[in-house]
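The values are calculated or read from the model by the stated rules, or taken from the named source; none is laboratory data. Keep in mind the model is a prediction, meaning the values are calculated, not measured. We place every Cβ from the backbone using ideal geometry, glycine too, and count neighbours over all the protein chains shown.
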Amino acid sequence: MREILGITNKLCEALQKKDQDIVNACQLIRSTKAQLLDYRLEGFDSLLKDVTTFCDKYEIEVVKMEDEYVDPKNRRKKTNITNRHHYVVNNFNTVLDMQIQDYERRFNEVTTNLLMLMNCLSPCNSFSAFNKQNLLDLAGMYPYDFNIDEKDKLKYELGHYIYNMKDDTPFANLNGVGDLAKRMVETRKHIDYPLVYRLMKLSLVLPVATASVERSFSSMKHVKTDLRNRMGDGYMNDSCICFVERDLFQQVSVEDVMQRFQKMKSRRQQL
């Protein structure tokens, strides 16, 4: 389990970042899958060597891999398999297959392609990742948000959009799609390019619906503990917001909080 968690830890940390680059996340997904597959095919011998070294160091008896496996629940019954077969097939491969299947379910080819297509909206390096055909394919993955006429208009709108964005100084040196969407609203470009802006909003929903939600559920474990398991939904929601967005709340002074509560209603004593 230490080896498996070591392989998957990098991807888990990356998905928890709010400003994670999409291309980097896709590359980490592919490399994590590949390493798990390699470990499944070639990792048991190295694991057995480490276990044997550990057992020799602390004088623990090691079973011989070539001997017949004995079921501890029914020692009299013949198993007709070796210890190596039991530990490789029934334990090692089973655990890794569960991990690999879970990654395939969560990060299938469609999801990975969607993430790669989303990256074409990135404004980094003067919109170097822009690709009109990929963005049209991305719009095709949202049939309920773009009808046939809008998809046809989007093709021409993207041409005007990229031409103007590259020459517009306010859109230089942006760090992500989120910053790009904010700048479009500030400059009222979202009115000139409504279909492109709609595509941006759809793209921004996906990270919020994955990593942000996972972070929120992880935060609930810290807020609603065994000692506070009867917490109401309203209080838990407020506490979770404070915990998840603690970077923002650290900028709020204690004095401002006290004044806020003081003005909510009349109190006998001044806070």
* Out of curiosity, is residue 102 free of Cβ contacts under 8 Å to residues at least 60 places away in the same chain, among the acidic types (Asp, Glu) and in the same structural domain as residue 38 (by TED's automatic domain parsing)? -> yes
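If you go through the range 22-57, how many residues are under 26 Å from the mean Cα position of the chain (by Cα) and among the aliphatic types (A, V, I, L, M)?
The initial filter retains those residues of the range 22-57 that are under 26 Å from the mean Cα position of the chain (by Cα), namely 22-40.
Filter once more, so that each one left must be among the aliphatic types (A, V, I, L, M): 22-23, 25, 28-29, 34, 36-37.
Residues that pass the stated criteria total 8.
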* If only one of 105, 84 is of a type in the set (Lys, Arg), surrounded by 15 or more Cβ atoms within 10 Å (Cβ to Cβ) and not in a loop (DSSP other than H, G, I, E, B), which one is it? -> 84
* **Test result for residue 79, part of a helix (DSSP H, G or I) and either in contact with a Gly (Cβ under 6 Å, 6 or more places away or on another chain) or not charged (D, E, K, R) (or both)** => no
* Asked: Are there any pairs with C-beta distances below 9 angstrom linking a residue in the range 30-41 that is under 16 Å from residue 105 (Cβ atoms) to a residue that is among the basic types (Lys, Arg), with the two at least 6 apart or on different chains, and if so which?
  -> 32/10
* Asked: Among (1) in a helix (DSSP H, G or I); (2) among the aliphatic types (A, V, I, L, M); (3) modelled with pLDDT under 90, which single condition is residue 100 missing?
  -> (3)
* Among the listed residues 42, 3, which satisfies the condition of being touching a Gly at 6+ places or on another chain (Cβ under 8 Å) and either part of a helix (DSSP H, G or I) or within 23 Å of residue 218 (Cβ to Cβ) (or both)? -> 3
* To do: Give the number of residues within the range 216-271 that are in a helix (DSSP H, G or I), loosely packed, with under 10 Cβ neighbours inside 10 Å and of a type in the set (Gly, Ala, Ser).
  => 1
* Any pair with Cβ under 8 angstrom, 6 or more apart, that starts in the range 147-176 at a residue that is within 22 Å of residue 126 (Cβ to Cβ) and in contact (Cβ under 8 Å) with a residue 12 or more places away in the chain and ends at one that is assigned to a helix (DSSP H, G or I) and of a type in the set (Val, Ile, Thr) -> 154/196; 157/196; 158/196; 161/196
* To do: Could you check residue 175 against (1) surrounded by fewer than 17 Cβ atoms within 10 Å (Cβ to Cβ); (2) touching a Leu at 6+ places or on another chain (Cβ under 8 Å); (3) not acidic (Asp, Glu) and say which number it fails?
  => (2)
